[in-house]
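The values are calculated or read from the model by the stated rules, or taken from the named source; none is laboratory data. Here the structure is a predicted model, which is why all the values come from computation and not from measurement. Neighbour counts are summed over all protein chains in view; Cβ atoms, including those assigned to glycine, are modelled from backbone coordinates with ideal geometry.
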Amino acid sequence: MRIFKSVFILGFFIFLISGCGLIGKIENNTAMKEPARRKMIDAVSELRVSSKINSSTSAFLRLKGSGQMTFEQQRNKVRLDLRISFKRPSKFWLDVSDQFMGIKLARVLATNDSIKGYANIINKYIDLPISKVKQLGIPLNVDDIINIFSEEVMAWPEDFLLANMDFSSEVWSLNFPVRRDNFLGEISLEFSSDNDHKLLSQKLEIIQDSVIVQVNYLEEGSFDLTISAPKINGRMEFRAKSKKSLESLEFPFNIPSHHARMDF
């Protein structure tokens with residue numbers, strides 16, 4: 001657990017319908033019939049198209065804000081500066097600072113192959129293959145983290161015929177099976193029924209390992225993330241102050257020479 005606590009300090013990471021039915025005829029004093037529900041396949045297509053339109057077309061994204069992190073009854077509030085590269089291989093950069101004085105506390109640079117980070121407050125650093133981090137039992141990869149912060153779904157159904165869908169209310173829901181490594185789980189998504197179909201929440205659940213990752217989105221760029229797993233339970237409340245899509249962005253990262261490597 002020593003390594004996780006350090007990784008936690010480094011950033012908590014180291015997750016259609018609009019009524020096109022036929023209108024009944026009005027005959028004499030009879031009431032108008034209720035429009036037929038839109039065909040399911042039409043609603044799914046609308047949802048996918050809307051998701052592509054809402055996706056950022058820029059190569060980079062930068063988010064700044066504050067994060068309140070809760071772990072084992074301990075609560076910390078920090079400033080967060082996040083830089084995301086959508087270029088392959090995608091990468092995620094995180095800078096953590098003191099909430100009041102702005103003192104640099106930690107920095108992380110992660111890809112789907114490795115995670116590097118250091119914490120100034122303990123003069124320690126880590127440089128690990130991502131396979132080591134997965135031993136913590138959290139079924140999230142770097143692409144998942146990027147999707148969570150950029151308000152994109154962690155996954156779409158491989159076959160929509162296997163998904164459970166409800167497009168009949170103000171909140172559209174979609175849940176379907178998903179495989180993560182050697183485990184079979186389920187992803188549940190909620191969208192608004194408005195034309196932009198904003199992502200409201202997403203949840204990844206691995207029943208076999210008793211793991212739940214839940215994300216609830218608030219105003220643009222802000223969200224609450226909860227992780228429940230046998231080895232760790234934590235929560236992060238991220239409140240965005242700025243969100244910018246960029247065509248170029250640097251990812252500065254140098255491990256201080258006087259920091260000692262942490263054992264996993």
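Some notes on this structure:
- Checked against (1) in contact with a helix residue (DSSP H, G or I) (Cβ under 6 Å, 6 or more places away or on another chain); (2) part of a loop (DSSP other than H, G, I, E, B), Ile84 passes all but condition (2).
- Being surrounded by 15 or more Cβ atoms within 10 Å (Cβ to Cβ) and on the phi < 0 side of the Ramachandran plot holds for only one residue in Arg261, Arg235, and it is Arg235.
- Count of the range 140-199 residues which are in contact with a Leu (Cβ under 9 Å, 6 or more places away or on another chain), acidic (Asp, Glu) and on the phi > 0 side of the Ramachandran plot: 1
- Test: residue in the range 235-246 that is over 21 Å from Asn76 (Cα atoms), touching a helix residue (DSSP H, G or I) at 6+ places or on another chain (Cβ under 9 Å) and not small (Gly, Ala, Ser): no
- Residues of the range 138-151 satisfying the condition of being closer than 16 Å to Gln214 by Cβ and outside any helix (DSSP H, G or I): Ile138, Pro139, Leu140, Glu151
- Elements of type strands (runs of 3 or more DSSP E) contained in the range 167-227, each with 1 or more residues being surrounded by fewer than 16 Cβ atoms within 10 Å (Cβ to Cβ): 171-180, 183-192, 211-217
- Val78 being surrounded by 13 or more Cβ atoms within 10 Å (Cβ to Cβ) and modelled with pLDDT of 75 or more: yes
- Any hit, the range 201-208, residues being modelled with pLDDT of 90 or more and basic (Lys, Arg): yes
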